[in-house]
Each structure stands twice: as C-alpha cells, then as structure tokens.
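See structure below.
Values in this text are rule-based calculations from the coordinates and carry no lab data. What you see is a predicted model; the values in this text were computed from it and never measured. Every residue, glycine as well, gets a Cβ built from its backbone with ideal geometry; the counts of neighbours run over all protein chains shown.
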Amino acid sequence: YSYTRITYQMLSLPLVYPLSLNKFLRSAGLKQPVYANFELDVKTMHYPQNPIKLGKSNGLNLVMILLDGWRWDVFTEDVSPNIYELSKRSSQFLNHNSNANHTRHGVFAFIYSIAGMYWNTVLEGHTSPVLLNAMIDNGYQMGVYGSASLASPEFNKTAFVRVKDLDIKTEGGGAEYRDQTITNKFIKFMDERDKSKPFFSFLFYDSTHPYDFDVDIYTPKFEPYYGDKKNYLDLDKDKKTLLFNRYLNSINYVDMLIKRVIDRLKAENLLDNTIIVISSDHGESFDDLGLGEWGHNGNFAECETHVPMLIYLPKTVAKSYQHTTTHMDVAPTLMKYMFNAENEPSDYSAGLDIFSSEPRKYVYMHGADNSYGISIGDGKITVFPGYIGGAYVVDAKTYRRLDEKPSPDVYKYVLEELSRFK
C-alpha cells in the first residue's frame with residue numbers, strides 16, 4: 001500500500017474519492033514496503049507548467065506573518081492596534097478569503113497558490129514551491145519559525161523542504177510561550193544575518209488557536225473572559241461571549257508580540273526595502289450559523305474562510321481594496337513585485353496579481369476531510385463532501401441546503417483545476 005505509482009493516478013480521476021486501508025493493514029501485521037527513489041522515476045505533477053523565467057531581482061526582503069484562526073471582522077484598532085497601525089501604510093484587501101477552513105491547506109494555498117487537492121502529490125514528491133525556489137536560488141537568507149510544529153502538518157516536506165537547517169519544532173510549552181520564542185528567534189535571526197544579502201522570514205503564531213496568552217507579561221484587555229482552556233462541551237449562550245473575549249485577548253496578545261517584529265524592522269530602516277504580508281490560515285466559528293459548529297473545519301462560510309489580508313509594499317500608497325481576493329493570489333503577486341517574473345501566473349498558480357480587480361469567478365476552499373467548497377459569488381456555495389461523494393448547494397449566509405443542483409460550470413472548474421498540473 002501507499003504505492004505512489006498507483007496513487008499518483010488520482011490526478012487523472014477528477015472526482016475520485018480515495019479509500020485508505022493503512023491502519024487496518026498495519027493492525028493485521030502487514031508492514032509497509034519502502035519504494036526507493038520514487039521521485040526519480042515517477043513524474044508527480046507538471047508544476048510549474050513551464051520553466052520559471054525571472055527578471056532582475058529587486059532584492060526586497062519578505063516577512064510573512066500568519067495568525068492561526070484570525071477572523072476578518074476582529075481586525076480592528078481595538079483588538080490589534082499594532083497591526084492596525086501598519087495597515088495605515090499598507091494595502092488592505094477587505095474581501096479576502098483563505099482557500100481552506102483549516103491550517104494544512106490554508107498555509108498550502110498561501111505559499112503555493114494552488115488548490116489543496118494537490119497537497120498529497122506535493123507532499124509525496126517533496127515539491128518545493130515556486131516562490132521559495134525563487135528566493136533560495138537568489139541567495140535569500142531563511143528565517144522560518146512556526147510556533148506549532150512544522151512537521152504537523154508536514155510543511156518541512158512541502159513549503160520549506162529546501163530550507164536548510166529548518167527549525168522544525170519550537171520548544172517552550174504552551175502556544176503562548178512558543179509564540180514568544182519564535183519572536184525571539186526572529187530577533188536573533190535579524191541580529192546574526194548577513195546584511196549584504198536579502199532575507200525571508202516566516203512567522204506562524206499559534207496562541208490564537210487555543211485562545212491563550214501569558215498573563216505574566218500581558219494584561220487581558222477584554223473582560224470578562226472564559227477563564228479556562230476552551231471546552232466546547234461546556235459552552236452555553238452566556239459563555240459564548242466569555243469565550244469570544246478570550247479569543248480577542250489571544251489576538252491582542254499576539255499583536256503585542258508582532259509589535260516587536262515591526263519595531264525590529266523599523267530600527268534598521270528596513271521598511272524601505274521589505275515587503276510584509278500579514279494574514280491567517282483560516283477563520284474561526286463561534287456558532288455563527290446556529291448549527292452548533294465551533295472553531296474551524298466545519299463549513300466554508302465566511303466565518304471560517306474570510307480572513308484579514310494586508311500587504312506592506314515599500315513606496316506604495318496605502319489603499320483598501322474591495323474586490324475578491326484569495327490566498328492563491330499571494331505567490332503571483334510576490335513573484336511579480338520581487339522577481340519580475342515573466343511567466344503568466346497560470347504557469348505556477350491558480351491565482352492572479354492580488355492588486356488586479358479582474359473577477360475571481362470561482363473561490364476554491366478545501367476541508368481537512370478532503371471535502372471542498374466552490375463559491376461563484378452568487379451567494380451560494382457548492383459543497384463536495386469528501387469521501388462520501390456527491391455534491392450539494394448551500395446558501396452562503398445561512399449554510400442551509402438549497403433545493404437545486406450544482407451548476408455545470410462548477411464541475412467544469414473542478415475538472416480544469418484538477419488537471420492544471422497533471
């Protein structure tokens with residue numbers, strides 16, 4: 001089992017729903033064989049579709065910051081004053097969507113700008129993203145720090161597979177302490193880097209996932225708040241506000257840590273030649289739909305997929321944009337503004353330059369259970385419910401099923417996206 005010569009053929013079967021027997025076979029005493037050198041004799045995917053042609057690099061540094069589970073509607077001056085202050089000098093995309101409702105495929109789309117359906121193939125082939133390749137091949141120094149393990153999900157074998165001496169696991173106990181650690185690691189990286197070379201840094205904060213904060217260095221701003229670790233089984237109507245306040249405090253806490261990152265860049269006048277991208281892997285539900293769904297990976301409504309997105313681009317006038325954008329627009333944008341890429345974005349992504357107002361007819365969103373949703377901007381979402389097969393249409397606001405069949409255009413889009421890099 002896990003014989004990639006067979007499993008790779010899934011890309012040729014657009015609506016296949018795979019069945020795994022791995023646990024059963026292991027329980028039966030069967031050992032998984034090792035197929036050596038599969039990368040050498042199996043062409044996993046045509047990514048990119050054509051060789052990447054870069055113009056002259058402008059040497060801009062890049063800092064990417066993600067807050068786990070950061071909803072769009074809590075990006076306010078009150079909750080995150082330091083990020084908000086930077087936003088006054090940045091481009092904000094007010095209708096921005098993650099292409100997933102959970103971490104694995106949200107970060108995947110953010111870095112690769114392709115659909116989550118390619119995750120397994122990229123993982124098995126250890127395929128490095130075009131954006132990281134461009135930076136590494138241009139001599140960028142790498143400072144990649146995740147509060148949660150970068151091996152779960154396996155970003156060490158995908159997005160950052162070419163990053164040498166990758167710091168896979170951050171020590172320090174709970175997320176609130178690990179977030180301090182990755183901030184300190186960034187500061188150390190800045191102190192020790194070769195200032196004659198450009199750098200890339202990726203910081204992924206995790207306190208906003210369990211809604212934690214370190215009360216030894218942070219005074220909670222939003223009172224009253226849920227005092228214990230979040231427990232969805234313990235929630236009632238009255239405790240919902242308490243839990244939401246705890247969530248707001250965790251964002252406010254991470255914002256305090258991000259101030260150190262921004263201040264460190266300011267101290268060296270690096271805002272003159274550094275791009276800063278701040279967003280989230282997905283949103284967070286507080287039973288917004290009245291369906292008893294909390295957290296994430298429950299639906300593709302905006303509570304779980306609509307996230308903040310701001311891009312600080314040196315020497316660019318601050319502006320807010322209303323057109324629909326997604327994580328799939330990130331790589332094409334950075335490849336253009338950092339490396340003057342000559343390729344069409346479709347060669348290596350499913351997105352566009354994020355500043356382009358060209359309509360995104362389809363918004364693709366992936367679920368952790370291999371489900372996915374497609375929105376076409378008509379107030380409806382077509383849901384493909386993973387392994388159980390079939391598809392149905394829901395109202396985007398209420399998430400109630402509608403008595404109508406999915407549009408043939410949606411099926412056509414799925415088929416085209418599945419075969420983009422086949």
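Going by C-beta contacts inside 10 Å, put 319, 157, 56, 239 in order with the fewest on the left. Walk me through the numbers before you get to the answer.
Numbers: 319 10, 157 17, 56 7, 239 13.
In order of increasing Cβ crowding within 10 Å: 56, 319, 239, 157.
Rounding to the nearest 20 debye, state how big the charge dipole of the chain is about its Cα centre with +1 on each Lys and Arg Cβ and -1 on each Asp and Glu Cβ.
Rounded to the nearest 20 debye, it is 900 debye.
Within the set 361/397; 195/336; 195/266; 361/412; 221/259; 169/266, which residue pairs have Cα atoms separated by over 20 Å?
Result: 195/336; 169/266 exceed 20 Å.
Please tell me which of these pairs span more than 32 angstrom C-alpha to C-alpha: 157/315; 197/319; 315/422? If you can, show how the numbers build up before the last one.
Working: 157/315 35 Å; 197/319 30 Å; 315/422 39 Å.
Pairs exceeding 32 Å: 157/315; 315/422.
Going by a ≥ b ≥ c, the root eigenvalues of the Cα gyration tensor, does the stretch 57-146 fall in the rounded group (a/c under 1.5), the prolate group (a/b larger than b/c) or the oblate group?
Note, shape of the stretch 57-146 comes out oblate.
Just for the chain, what percent of DSSP beta bridges are antiparallel, to the closest 5?
45
Can you list the HN-Hα couplings for the stretch 308-325, worked out from phi with the Karplus curve (6.51, -1.76, 1.60; θ = phi - 60°), rounded to whole Hz and with x for Gly and Pro?
Here the 3J(HN,Hα) series is x, 8, 10, 10, 8, 10, x, 6, 10, 5, 5, 7, 9, 10, 9, 6, 5, 9 Hz.
With springs only between Cα atoms under 10 Å apart, run a GNM on the chain and tell me which of 399, 312, 145 wobbles the most.
Per the Cα network of the chain with a 10 Å cutoff, 399 tops the list.
Quickly work out the residue 411-to-residue 286 label distance, labels modelled 7 Å from Cα along the C-beta direction, and quote it in nm with one decimal.
Result for the modelled spin labels: 4.1 nm.
Among 403, 212, 179, determine the one that fluctuates most according to a GNM of the chain built with springs between C-alpha atoms less than 10 Å apart.
Comparing 403, 212, 179 in the GNM, the peak value goes to 403.
I need the peptides 201-211, 116-126, 352-362, 82-92 ranked by packing, meaning the mean over residues of other C-beta atoms within 10 angstrom, with the highest value on top.
Taking the mean over residues of other Cβ atoms within 10 Å, the ranking is 201-211, 116-126, 82-92, 352-362.
In whole Hz, with x marking every Gly and Pro, tabulate ³J(HN,Hα) for the stretch 214-224 from phi via Karplus 6.51 cos²θ - 1.76 cosθ + 1.60, θ = phi - 60°.
Computed from phi, the couplings for the stretch 214-224 are 8, 6, 6, 10, 9, 9, x, 8, 9, 10, x Hz.
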